[in-house]
Amino acid sequence: MPMERLCVCIPLRAAVILLSSLLTIGSCGAVAMLIWMKTDILETFPADLQLLSNILYYAALGISGAYVLISPLGLIGGIWCKRVLVQILSIGNWILLLPILTGMVGIWGYVLANRQRFVNDCVNWSLAFSAANMTGPGFNTALLPPAVFQSTTQSGCDDTMQLFITWWGIGAFVGGFLLIYFSSSIGAYAGKLYRKNQPKNELLPYTQYSSEAHKPLVPELAQEEAWMQVRMSEAEEMPAQEEEEMSMHEQMPTQESSVKQMYAAV
């Protein structure tokens with residue numbers, strides 16, 4: 001059964017308009033932030049993760065830019081009930097959803113597999129941060145640890161990393177489920193518009209089709225069908241002719257006997 005409402009109470013058209021509006025605003029804000037803070041974002045990662053940071057940065061920029069292009073189409077399609085525009089948003093969203101989910105789960109798995117390494121980096125960054133506070137303001141801010149790594153002890157970094165892994169995993173799986181659910185609502189509205197725009201005769205039951213639908217489309221088939229009808233009519237007439245001939249044969253002896261009686265009387 002196709003989806004009729006989002007979260008049981010929101011009609012699909014309103015859901016598409018709402019989701020498209022949020023995607024448009026969010027993607028525009030993400031692109032602006034990524035461009036404005038490019039240097040700060042890339043310098044936050046250590047030197048041995050520069051390649052990974054560049055991949056993640058440009059992937060996020062490309063995905064956000066793609067949403068900037070397709071989200072307004074879904075918004076216009078939802079307002080004016082244009083199936084093609086809603087379908088473009090639905091297809092594009094499913095394509096972009098694959099790298100998003102892959103990246104969310106991939107980051108969680110990478111951090112989980114390299115947990116001890118990140119804990120050691122946390123301790124080193126914390127010690128460097130403490131040393132910088134003692135030596136003065138000339139410390140390079142690019143080497144400062146992220147906000148989640150502010151503990152100066154091994155146990156503090158370990159607890160912080162465990163908290164990060166737990167909440168990132170929950171967010172990845174729950175967020176992934178919500179993204180799939182919301183994407184399904186956009187596809188369901190596109191399907192609803194498709195069914196709505198279908199010709200009425202294609203939606204009628206089979207018994208309500210006109211007899212013209214059963215006529216052959218090829219002239220040769222039409223001739224063959226006409227010939228078959230002639231043969232069938234001839235076959236139906238044959239028993240009637242045989243009955244007439246049989247009745248004639250039955251009447252012939254009575255006629256011969258009447259003629260003999262006439263000769264005998266003479």
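Where a number appears in this text, it was derived from the coordinates with a stated rule and is not lab data. Values in this document were obtained by computation on a predicted structure and should not be read as measured data. Methodologically, a virtual Cβ is constructed for each residue, glycine included, from the backbone with ideal geometry; neighbour enumeration extends over all protein chains shown.
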TODO: Work out the FRET efficiency for LEU112 and LEU61 from their Cβ-Cβ distance, taking R0 = 30 Å, and round it to the nearest 0.05.
DONE: 0.70
- [ ] Sort ASP121, ASP48, ASP159 so that the residue with the fewest other Cβ atoms within 10 Å of its own Cβ comes first and the one with the most comes last.
- [x] ASP48, ASP159, ASP121
